[in-house]
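Have a look at the structure below before the remarks.
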Amino acid sequence: MDKMNRKRWMTVIGLLGCLLCFWVGEVFGYEFKLPPLPYEKSALAPVISRETMEFHYGKHLKGYLDNLNSLVPGTPFEGADLPTIVKYATGPIYDNGAQALNHILYFNTFSAEPAHEPTGALAEAIARKWSTFEDFKKAFSEAGVSLFGSGWVWLVKDRNGDLFILQESNAGNPLSKGYTPLLGIDVWEHAYYLDYRNKRADYMENIWKIIDWDTVEARY
Ligand SMILES: [Fe+2]
């Protein structure tokens, strides 16, 4: 095969590959879609207002998912789920994948009628580490307030079931460090500025009212 023919064949194979990727994506739904909220947008008010939900869920989370849908096709992450992307991707695919997963965990942590305290194995693990649930809440809130700039404060577990509070900048998700995320609170200004202005401490104090500990415990 001469050089010209080889080039034509490579072009045809490349085009067929693109068509196959597109077909697989269409048939198997390899597109990240905005997952529905488990409550009405106004259900968490006044802790989180409807307006914040409209922007935070409807614009920010949707934006991260839309970005992924632009970035992932044609990469080794085509067809991968969000945890896989968070564990193995770098750069913009990691940033948008981690932010998408972080926000999905965050929005699914809340309830208008939450279980206000953990029970069972998670309650025991908290007691082992911080003595009391109140001491844990104080340490977690302080971590959220003192994190410099944008990021997340996490309650995570390691392989032994031991608990840790992590401060992560920007999109940081604990999966990329081998931990299992149990509770993640967004301390980017977009999470609280409409409702609390610059008072991140007030946001951290009020957020306990809507955290559903049955959901957090299920992740443990
Ligand atoms: Fe956010």
Practice task
Output the residues belonging to the stretch 160-175 that are surrounded by fewer than 19 Cβ atoms within 10 Å (Cβ to Cβ) and small (Gly, Ala, Ser).
Solution key: GLY161, SER169
Practice task
Taking only the stretch 160-202 into account, find how many residues are within 16 Å of the chain's Cα centre (by Cα) and hydroxyl-bearing (Ser, Thr, Tyr).
Solution key: 4
Exercise for the section: Would you point out the residue of the stretch 41-69, among those that are assigned to a loop (DSSP other than H, G, I, E, B) and without any contact (Cβ under 8 Å) to a residue 12 or more places away in the chain, that is nearest to ILE185 (Cα to Cα)? Expected result: ALA45
Fill in the blank from the handout: With criteria (1) assigned to a helix (DSSP H, G or I); (2) in contact (Cβ under 8 Å) with a residue 24 or more places away in the chain; (3) not aliphatic (A, V, I, L, M), PRO118 comes up short on (1)
Practice task
Quick one: in the stretch 129-155, of everything that is farther than 18 Å from TRP208 by Cβ and touching a residue at least 24 places away in the same chain (Cβ under 8 Å), which residue is surrounded by the fewest Cβ atoms within 10 Å (Cβ to Cβ)?
Solution key: SER150
Fill in the blank from the handout: Restricting attention to the stretch 34-82, the residues that are within 15 Å of the ligand (Cβ to nearest atom), out of contact with any helix residue (DSSP H, G or I) (no Cβ under 8 Å at 6 or more places or on another chain) and of a type in the set (Gly, Ala, Ser) number exactly 2
Completion exercise
How many residues of the stretch 184-205 are within 16 Å of the ligand (Cβ to nearest atom) and either in a helix (DSSP H, G or I) or buried (at least 21 other Cβ atoms within 10 Å of the Cβ) (or both)? The answer is 15
Exercise for the section: Identify, from the list THR109, THR180, THR215, the residue that is more than 16 Å from the ligand (Cβ to nearest atom) and either of a type in the set (A, V, I, L, M, F, W, C) or touching a helix residue (DSSP H, G or I) at 6+ places or on another chain (Cβ under 9 Å) (or both). Expected result: THR180
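Conditions (1) touching a residue at least 12 places away in the same chain (Cβ under 8 Å); (2) more than 17 Å from ASN102 (Cβ to Cβ); (3) in contact with a Lys or Arg (Cβ under 6 Å, 6 or more places away or on another chain), marked per residue:
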residue: ILE126; (1), (2), (3): yes, yes, no
residue: ASN170; (1), (2), (3): yes, no, no
residue: PRO181; (1), (2), (3): yes, no, no
residue: TYR196; (1), (2), (3): no, yes, no
residue: LYS199; (1), (2), (3): no, yes, no
Practice task
With the condition kept exactly as written, say whether any residue in the stretch 112-123 is over 17 Å from ASP212 (Cα atoms) and crowded, with 21+ Cβ neighbours inside 10 Å.
Solution key: no
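Since every read-out is calculated from the coordinates, none of them should be taken as a lab result. For clarity, every value in this text was computed on a predicted model and none was experimentally measured. Don't worry about glycine lacking a Cβ; one is built from the backbone with ideal geometry, like all the others, and counts go over all protein chains shown.
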